[in-house]
């Protein structure tokens with residue numbers, strides 16, 4: 001049965017899709033020139049402009065052909081459940097439209113539904129994490145600021161599975177807050193293991209949970225560690241076993257072509273394999289490459305970091321007594337994890353750690369200590385001041401009208417906050 005809160009969230013997610021598209025493409029006039037992998041096309045059949053991502057080809061073919069899925073031309077064989085979801089939704093769209101639309105539009109509609117599901121699950125986990133029982137105007141703003149984190153809203157019209165990383169981030173934080181004991185139910189680790197067949201980084205979130213809970217409780221049971229590790233890897237092991245006994249071959253594009261993470265194993269084992277780009281796959285270079293994209297990220301999102309730093313200062317007496325530390329530690333471990341991958345494009349992977357830390361912390365601090373409409377609007381305006389895909393190419397933000405508007409809103413919020421605190425009237429900032 002769909003509860004009233006769930007219905008509101010489903011409706012809000014749908015409306016956000018429409019609003020985000022309208023703002024990004026019709027009002028701000030999204031320009032895809034900042035990212036080589038994306039172009040924008042006008043489709044007469046649906047009278048709309050849509051972004052075209054280079055990942056569309058592999059996802060479209062893999063979700064339509066089992067032979068292509070298991071071929072070495074498919075970069076995404078290690079995302080079987082994600083591809084299966086796309087395939088299932090394509091068939092559903094075809095049935096519901098009586099085959100009256102093109103195969104390509106069927107695929108695009110299926111991908112939009114996939115992104116809708118992921119965004120809804122992000123919202124649902126956020127409601128549980130923040131323990132929100134009633135969706136009022138302030139909570140709607142909180143969800144909108146969460147949905148508007150730059151890469152999250154950009155991915156809504158892409159075939160990318162990148163939004164799953166935010167879902168994993170919030171889900172892990174929620175489990176840390178909800179579980180009263182260190183050893184959570186096995187279902188958590190089974191679910192994390194299953195999620196790795198959608199996005200393989202889910203595995204590291206399972207171990208992030210184990211590391212942080214062990215540190216907090218100052219104990220580590222080796223039997224429980226072995227059992228939970230087994231459960232995390234079980235779905236992947238079963239998947240690989242099925243392939244082994246089938247007529248197909250297992251092929252890992254990230255390993256064979258890019259050497260992602262495997263470059264380090266090769267280095268240790270003395271295997272001199274050549275990958276696509278090895279400039280950052282040396283002990284002498286990988287940390288410098290990682291720091292370069294981190295520095296670029298900090299430079300581009302300096303204003304967001306500035307807003308975050310001010311909020312930390314104004315709440316310094318109480319913020320570290322709460323679950324904020326979990327946000328920091330999860331982000332830190334994820335950052336260290338991606339630092340060893342050997343591939344360092346601007347924005348993308350550092351955003352999974354530093355980016356989520358900055359934006360989610362802004363939302364968390366606002367919800368926990370202020371519940372301020374002004375602050376929510378400042379954060380939201382700042383998020384939309386980040387031009388479409390720009391951080392993938394530009395390393396320093398060129399301020400625009402929305403940038404100045406967000407700073408002005410934040411400044412007004414701070415003035416009001418300082419005044420009310422100094423006059424001992426502080427409760428909530430509206």
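Throughout, read-outs are computed from the coordinates displayed, never taken from laboratory work. Predicted, not measured: the structure shown is a model, and the values here were computed from it.
Things worth noting here:
- Summed over qualifying helices (DSSP H, 4 residues or more, each -39500 (n - 2.57)) and divided by its residue number, the chain shows a 222 nm mean residue ellipticity of -18500 deg cm²/dmol.
- Sequence-distant contacts, meaning Cα pairs under 8 Å at least 6 residues apart, place the relative contact order of the chain at 17 percent.
- Label selected from (i) 1.01; (ii) 1.26; (iii) 1.20, the criterion being Cα Rg over 2.2 N^0.38 Å as computed here: (i)
- Taking 1.567 mPa s as the viscosity and 4 °C as the temperature, the Stokes-Einstein diffusion coefficient of segment 292-344 based on its alpha-carbon Kirkwood radius rounds to 100 µm²/s.
- Comparing mean-square fluctuations of 141, 18, 84 from a GNM of the chain with C-alpha springs under 10 Å, the top value falls on 18.
- Build a GNM of the chain with springs between Cα atoms under 10 Å apart, and of 69, 233, 107 the one that fluctuates most is 233.
- When only Cα pairs below 8 angstrom with a gap of at least 6 residues are kept, segment 243-350 shows a relative contact order of 38 percent.
- Rg ratio for segment 27-80: its Cα radius of gyration over 2.2 N^0.38 Å, N being its residue count, equals 1.43.
- Relative contact order, percent, segment 48-88 [alpha-carbon distance under 8 Å, six or more residues apart]: 35
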